Amino acid sequence: MTRDDLFNINAGIVRTLSEAIAKCCPNAIVNVISNPVNSTVPIAAEVFKKAGTFDPKKLLGVTMLDVVRANTFVAEVLGLDPRDVNVPVVGGHAGVTILPLLSQVKPPCSFTPKEVDYLTDRIQNGGTEVVEAKAGAGSATLSMAYAAVKFADACLRGLRGDASVVECAFVASQVTELPFFASKVRLGRTGVEEIYPLGPLNEYERAGLERAKKELESSIQKGVSFVRK
Ligand SMILES: NC(=O)c1ccc[n+]([C@@H]2O[C@H](COP(=O)([O-])OP(=O)(O)OC[C@H]3O[C@@H](n4cnc5c(N)ncnc54)[C@H](O)[C@@H]3O)[C@@H](O)[C@H]2O)c1
Ligand SMILES: O=C(O)C[C@H](O)C(=O)O
């Protein structure tokens, strides 16, 4: 089962929950983790628009697990502690839409073309790797919980007024021509207070970005159409 196979079940659940959010807590900061995130975030946005409560700064798709995986796999290759590694992962949360920017890893480092292929593939397919290993018994649970807590905590630190809380998230965005895109955002008292541009991409990443945008476009449209139909 892929994240997209979950659409038929989860689209309705996310719509219902979003309707309840619009009614009961219209000013909440909403973290959407239900898959497929690339479609469920646009679903929530459409519901909020219909209800007149949509605030693009307060709707965030959780892509933190991709960053957690990227930091882990890159740290393994570099022989570092994952806590000391930061890999920006942009695009979305499924397959080729998960685009690790290996040219922007902190601390600065370089990889061979073979390492770039290995890391990109492992990061893009980390979720599938778990789903296959569990053989029908579900998807990532503990790592998902870790990523969810890490992301919710970042949102709360932003709300508290901490400075420089920057994480990757799938948000309404003008970073590309698509209406939603994951990139680094600064979290603050009002939610997403700044969306950062992608920064310089190498040729490999530019090609990956084109592939990601193509798939993202149809996933976003699928979510929008589900609510508008
Ligand atoms: N974004 C990510 O990084 C990421 C990672 C892993 C899993 N996920 C997604 O998170 C979601 C949950 O995964 P899980 O492993 O916790 O699943 P799960 O089946 O263990 O839990 C789902 C929960 O949703 C509840 N539920 C079902 N229908 C509902 C409804 N109509 N209204 C309210 N609640 C309802 C169920 O009772 C259950 O407690 C899935 O969509 C999964 O694909 C996302
Ligand atoms: O891969 C999945 O279907 C679950 C989740 O989105 C993950 O990244 O582990």
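Sum -39500 (n - 2.57) across every DSSP H segment of at least 4 residues in the chain, then divide by the residue count to get the 222 nm mean residue ellipticity, nearest 500.
Details: 7 runs with 114 residues, N = 229.
After summing the helix terms and dividing by residue count, I get -16500 deg cm²/dmol.
Determine the share of the chain's accessible area contributed by carbon and sulfur atoms, expressed in whole percent, with a 1.4 angstrom probe.
56
Cα convex hull of the chain: mean projected area in nm², to one decimal? Walk me through the numbers on the way to the answer.
On the way: hull surface 49.1 nm².
It is 12.3 nm².
What is the local net charge at F48, summed over the other residues whose Cβ is closer than 14 Å to its Cβ (Lys, Arg +1; Asp, Glu -1)?
Values: positive: R15, K23, K49, K50, K57, K58, R228; negative: E19, E46, D55.
Neighbour charge sum, excluding F48 itself: +4.
How many nm is it between the label spots at E115 and R189, if each spot is 7 Å from the Cα in line with the beta carbon?
With each label placed 7 Å out from Cα toward Cβ, I get 4.4 nm.
Return one whole number: the accessible area per residue of the stretch 64-217 in Å², for a 1.4 Å probe.
Working: 7750 Å² over 154 residues.
Using a 1.4 Å probe on heavy atoms only, each residue of the stretch 64-217 averages 50 Å².
Over the stretch 50-100, what portion of Cα pair distances is larger than 17 Å, expressed as a whole percent? Walk me through the numbers before you get to the answer.
Details: 608 of 1275 pairs.
Cα-Cα pairs of the stretch 50-100 separated by over 17 Å account for 48 percent.
Can you tell me the length gained on complete extension of the stretch A137 to D162, counting 0.36 nm per residue apart and subtracting the Cα distance?
Details: separation 25, 0.36 × 25 = 9.00 nm, distance 3.93 nm.
Working it through step by step, the gained length comes to 5.1 nm.
Could you work out how far apart the two model spin labels at N125 and D84 are, taking each label as a point 7 Å from the Cα in the direction of the beta carbon, and quote it in nm?
My value for the distance between the label points is 3.1 nm.
What area, in nm² and to one decimal, does the C-alpha convex hull of the stretch 41-173 cast on average over all directions? Before the final figure, lay out each step's value.
On the way: hull surface 38.9 nm².
Mean shadow area of the hull around the Cα atoms is 9.7 nm².
Leaving out ligands, DNA and RNA but keeping every protein chain, what accessible area does S34 have, in Å² rounded to the nearest 10, with a 1.4 Å probe?
Near enough 40 Å² of accessible area.
Between L201 and Y146, what length comes free when the chain is fully extended (0.36 nm per residue of separation minus the Cα-Cα distance, one decimal in nm)? Present the calculation step by step, with values, prior to reporting the outcome.
Working: separation 55, 0.36 × 55 = 19.80 nm, distance 2.90 nm.
16.9 nm is the gain from fully extending L201 to Y146.
What order, most packed first, do the peptides 86-95, 119-128 have when packing is the mean number of other Cβ atoms within 10 Å of each residue? The partial results should precede the final answer.
Numbers: 86-95: 25.1, 119-128: 19.1.
Averaged packing, sorted descending, gives the order 86-95, 119-128.
How much net charge surrounds D153 when only other residues with a Cβ under 13 Å from its Cβ are counted (Lys, Arg +1; Asp, Glu -1)? Let's see the in-between values first.
Working: positive: K150, R157, R160; negative: D162, E167.
Taking every Cβ under 13 Å from that of D153, the sum is +1.
Label K214 and E76 with points 7 Å out from Cα along Cα→Cβ: what is the distance between them in nm?
Result: 2.9 nm between the two label points.
The values are calculated or read from the model by the stated rules, or taken from the named source; none is laboratory data. Just so it is clear, the structure is predicted and the values come from calculations on it, not from any experiment. Virtual Cβ from ideal backbone geometry, glycine too; neighbours counted across all protein chains shown. Heads up: the accessible areas ignore ligands, DNA and RNA and are worked out on the full protein's heavy atoms, side chains in. Shrake-Rupley method; radii C 1.70, N 1.55, O 1.52, S 1.80 Å.
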